[in-house]
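A quick write-up on the structure given underneath.
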């Protein structure tokens, strides 16, 4: 402002003195008025600014106070919430502690009740023990008194026996011992019966050993019977052709086949007899062909027999292959297979030996698997056990031995060889498979309808069975029933007690097993009955 005023004065001085003085004065007045206005404006602006600042400060204070109050309320609410949560947690912990305290109190109460009951039980037991002890003492006293009385009675009986029977001391002693023996026999029978029942209940632990020992009792001996086959002849004229002039034709047949031709007065048949069933079958088929075509002469006989023999060899091979496949065997030598095929023409008591061998093979497998042994080895042992029957006309010895030697020649292993050689107990068993074969062989032969027995041998076996039973003391009657597979024994009830009947049954069964040869098993049933009979008149 001062610089402007100086500029105006300098301008006025340059323009003129009079007018310049006026303009200077005007300027001075204007400047003074402007300065006053500026001061006033400045004061007004300062007042307005101060008022505005004061209003803004108050507004800021009010906002700050509101925010402070809100923050204080929020802090108060958060504090109250935290206090409520802590109170809730504390109450939950307190409730849990109270629940645990109640559970502990219940357990303690149960323990107290249990202890109280145990104390009561112990008190009762003590009372019972005391009473039992007193009872035992009383019984001991009674027993002592009874023993004294018995000694007195025995002395009196001794004196009475000596007086009445005029016995010496030795005679009286023997009589007394006999009487005591009779009294103790029943007790001994009870003990034997209990021991037997206990042994049966514990048999599972020794099942394998006991079974292998017991099944050997089932084995039975076999004998080969010579059978005769017949060929039907349509007329006596044909029978004459078979015989031939001076018997040339029949001799040619016998020479070519190795059989015996039996021609008798029986009309319409010619009998063929031979121990070798293969030769017999060849002779029968050859005779049937000769009879059917009517041409009978030595050269024709040789031609027919040779043709039948070749056909029979092929059938034998087929029978052997089929049997090996049915028995599910591997690595069987062809010679062994052909030997088994020959068994198709062998019979034992009417039972086909090849079918019997297959049946024994599967029985052996079942028994071996039940005992935890190898079923395949057992099946092989059972299948080959009678292989010696296919060649016993060619080699010396029984069929078990020659069968074992034959099987050894063609590579069979030791368990199979021992089963073949020992299945009739001709040699000791070296493996579990041999007694299994013995049992299966007997089971197959004992199967109902498997074998036929002559009437004479059947009657002898029944009589022997009954005689063994009748030889026991106290036995009044004995009957063999069910084709000799069971014997019913009746005993005198006045002489034999119930427990002693078990001893009689065991003794009879032991004697039957030792003295008789039979297929399968024989049941011994002892019957004891008391009958009270009175007649009213």
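Among the listed residues 388, 411, identify the single one that is farther than 14 Å from residue 328 by Cα and surrounded by 23 or more Cβ atoms within 10 Å (Cβ to Cβ). None of the other options fit; the residue is 388.
In this structure, is residue 295 without any contact (Cβ under 8 Å) to a residue 40 or more places away in the chain, out of contact with any helix residue (DSSP H, G or I) (no Cβ under 6 Å at 6 or more places or on another chain), more than 22 Å from residue 339 (Cα to Cα) and surrounded by 15 or more Cβ atoms within 10 Å (Cβ to Cβ)? The answer is no for residue 295.
Results for (1) more than 23 Å from residue 438 (Cβ to Cβ); (2) touching a residue at least 60 places away in the same chain (Cβ under 8 Å); (3) touching a helix residue (DSSP H, G or I) at 6+ places or on another chain (Cβ under 8 Å); (4) surrounded by 15 or more Cβ atoms within 10 Å (Cβ to Cβ), shown as yes or no for each residue.
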{"residue": "470", "(1), (2), (3), (4)": "yes, no, no, no"}
{"residue": "479", "(1), (2), (3), (4)": "yes, no, yes, no"}
{"residue": "507", "(1), (2), (3), (4)": "yes, no, no, yes"}
{"residue": "526", "(1), (2), (3), (4)": "yes, no, yes, yes"}
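Considered as a group, the residues in the stretch 266-281 that are crowded, with 20+ Cβ neighbours inside 10 Å and in contact with a helix residue (DSSP H, G or I) (Cβ under 8 Å, 6 or more places away or on another chain) include one that is modelled with the highest pLDDT, and that residue is 281. Tell me, please, whether a residue that is in a helix (DSSP H, G or I), buried (at least 17 other Cβ atoms within 10 Å of the Cβ) and modelled with pLDDT under 85 can be found in the stretch 324-336. The answer is no; no qualifying residue exists.
Selection of helices (runs of 4 or more DSSP H) fully inside the stretch 356-447 by the criterion of at least 2 residues being in contact (Cβ under 8 Å) with a residue 60 or more places away in the chain and closer than 24 Å to residue 342 by Cβ returns 399-409, 433-446.
The values are calculated or read from the model by the stated rules, or taken from the named source; none is laboratory data. Treat the numbers as computed from the prediction; the structure is a model and nothing was measured. FYI the Cβ positions are ideal-geometry reconstructions off the backbone, even for glycines, and counts take in every protein chain you see.
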